[in-house]
Amino acid sequence: MTSSFGSIDQDELLFAEEEVADATVDTSIEQEPWVVLIVDDEKQIHQVTKMVLDDFAFDGKKLEFHSAFSALEARQLLKLQPNAALILLDVVMEYEDAGLQIVKYIREELKNTAIRIILRTGQPGQAPERTVIMDYDINDYKEKTELTTQKLFTTVVTALRSYRDLKTIEKSRAGLEEIIKSASTLFELQSMKKFASGVLTQMTSIVNLHKNAIHCSFAVTKGVEDIYILAASGDYASNQDERARDVVPREMLEEIEQAFQTKKSSFASDRFVIYFQSKMGMENVIYMNGFKALSEWDRYLVDIYCANVSVAFENLYLNEELESTQQEIIYTMGEITETRSKETGHHVKRVAEYSRLLALKYGLPEQEAEVIRLASPMHDVGKVGIPDAILNKPGPLTTEEFDIMKTHSNLGYEMLKHSNKQVLNAAAIIAGQHHERYDGTGYPLGLKGEDIHLYGRITALADVFDALCSDRVYKKAWELDRVLDLLKTERGKHFDPDIVDIFLSHLDEFLVIKELYKEQR
């Protein structure tokens, strides 16, 4: 086979180079090149194609050539270059329809519909244009004799323009799908920190950032007197919960502060600052930079996504406010009970934190451990129905008095069991079972082993540990060693042995809680 490029004269080549120069734009900002595959069994075709298109640039991006000299090599090359924009493909190579089989391989096996395929043949009689165009999913068909320098240039520009537009459409569709998918995810994230981190991850996906291109991306929230980082990635991934002014550069901080002051979002060529304010007055800012200039469509996607984020922020704040109120009510009820019995003020807080930590160490998910933390302060709520004379008796109780005291478990369960709320359901279980014993000798039902609900087994140890470590009307606080000896003795009797082992294995962490909520003398 002979190449039409073999007849290119110097004037024609000069003309082509001038045309290429006209199409070249400023490439001072480095961008990933267009990947072009040349598949032909003639080395001269490769050499001349690269020479003619050497200085070519389209849309600010140059060409990156990769060569294959047979259909077998082409298959390997296509796997290595899945993001190739264009393939210049010979029809006849090691067999007559080698190029046509490659077309089928690209479209049918690789499912690659984006790459532009230009068939080039020196033997059109073996692959008639009409038949090939109708039967194969190609984008252009050229005889090598007609592919002059200028026509090659025009063909490549047309193909790359088509590829670019297809990828833009694909990216837009993917962005919309990401927004639709993330919308439901956002409303599932109940932790503000997890929510902020999720927003950053999804925003990065929508604007198609590469992780190594992110210089900084984080969500900040304005506190009473300062601005704090909720979540971050890139250079600031380790700065969660820190003050922004202690971490970020002055110029960046000024943009963030300006967003809070003006209560407006702003876009620049390589960064943006998104401002949110809830109806409750809480303010947040998302700052991202380190990417290429956003297109109009990218901004549109960001706007749509931010509308979802704004609603989700609002719901999250309302949910946090509701949970905070519920928690305050639960603690208050628990403290009222403890005050009636003249117990220590921070008993319910310590039991709550001990129970949460035990649940986590036991292997329960964080959300369930949080439910136990919120529910356990209600463990003795039934004591509101116990007479003061029994509740605050300084000496030992008589058998009759103790029988009355034991009814507080059932009273608490009956008070709470009618709710369909998760926390109050858990509180009912804890109130009813935290005095059951692992060996079956507890009350009110004499449940044994794992017939006792895990919530009851966890709270039982947390309650007893704190009660023994604290002053009561009928006793002084025990020394720690004495308390630990009792836990070891009652392992498998009063307490679930696994929970005792977990407690003792992580004793230092429980003592931190004990110290944090110690009584003020």
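So which residues in the stretch 254-270 are acidic (Asp, Glu) and part of a helix (DSSP H, G or I), if there are any at all? Even if it seems obvious, please write down each step before you answer.
Here is the first cut: in the stretch 254-270, the residues acidic (Asp, Glu) are 254-255, 257, 270.
Listed by number, the residues that qualify are Glu254, Glu255, Glu257.
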**Request:** Look at Ala57 and say whether it is under 20 Å from Arg120 (Cα atoms) and either in contact with a Lys or Arg (Cβ under 8 Å, 6 or more places away or on another chain) or of a type in the set (Gly, Ala, Ser) (or both).
**Result:** no
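Being open to solvent by 70 Å² or more (accessible area, probe 1.4 Å) and more than 21 Å from Glu353 (Cα to Cα) narrows it down to one of Glu414, Glu366, so name that one.
On the way: Glu366 fails: more than 21 Å from Glu353 (Cα to Cα).
None of the other options fit; the residue is Glu414.
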**Message:** Exactly one condition in (1) open to solvent by less than 60 Å² (accessible area, probe 1.4 Å); (2) modelled with pLDDT under 75; (3) farther than 30 Å from Glu170 by Cβ is false for Met280; which is it?
**Reply:** (1)
**Message:** Given (1) among the β-branched types (Val, Ile, Thr); (2) in contact with a Ser or Thr (Cβ under 9 Å, 6 or more places away or on another chain); (3) at pLDDT 85 or above, identify the lone condition not met by Ile256.
**Reply:** (2)
**Prompt:** Being surrounded by 14 or more Cβ atoms within 10 Å (Cβ to Cβ) and touching a Cys at 6+ places or on another chain (Cβ under 6 Å), is that true of even one residue in the stretch 456-479?
**Reply:** yes
**Asked** Looking at (1) modelled with pLDDT of 90 or more; (2) closer than 15 Å to Leu160 by Cα, which is the only condition Glu32 fails?
**Response** (1)
**Message:** Tell me yes or no: at least one residue of the stretch 425-439 is surrounded by fewer than 18 Cβ atoms within 10 Å (Cβ to Cβ), more than 44 Å from the chain's Cα centre (by Cα) and either of a type outside the set (Phe, Trp, Tyr) or under 21 Å from Ala359 (Cα atoms) (or both).
**Reply:** yes
**Fill in**
Checked the stretch 39-83 for anything within 40 Å of the chain's Cα centre (by Cα) and closer than 18 Å to Phe153 by Cα; matches are Ala57, Phe58, Asp59, Gly60, Lys61, Lys62, Leu63, Glu64, Phe65, His66
**Request:** May I ask you to list pairs of residues, at least six apart or on different chains, whose Cβ atoms are under 7 Å apart, with the first in the stretch 298-311 being under 16 Å from Glu283 (Cα atoms) and aliphatic (A, V, I, L, M) and the second being modelled with pLDDT of 70 or more and not in a helix (DSSP H, G or I)?
**Result:** Val309/Phe276
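The values are calculated or read from the model by the stated rules, or taken from the named source; none is laboratory data. Since this is a predicted model, take the numbers as computed values, not measurements. All Cβ positions, glycine included, derive from the backbone under ideal geometry; neighbour counts span all protein chains shown. Please note that ligands, DNA and RNA were not included when accessible areas were found on the heavy atoms of the full protein model with its side chains. Shrake-Rupley method; radii C 1.70, N 1.55, O 1.52, S 1.80 Å.
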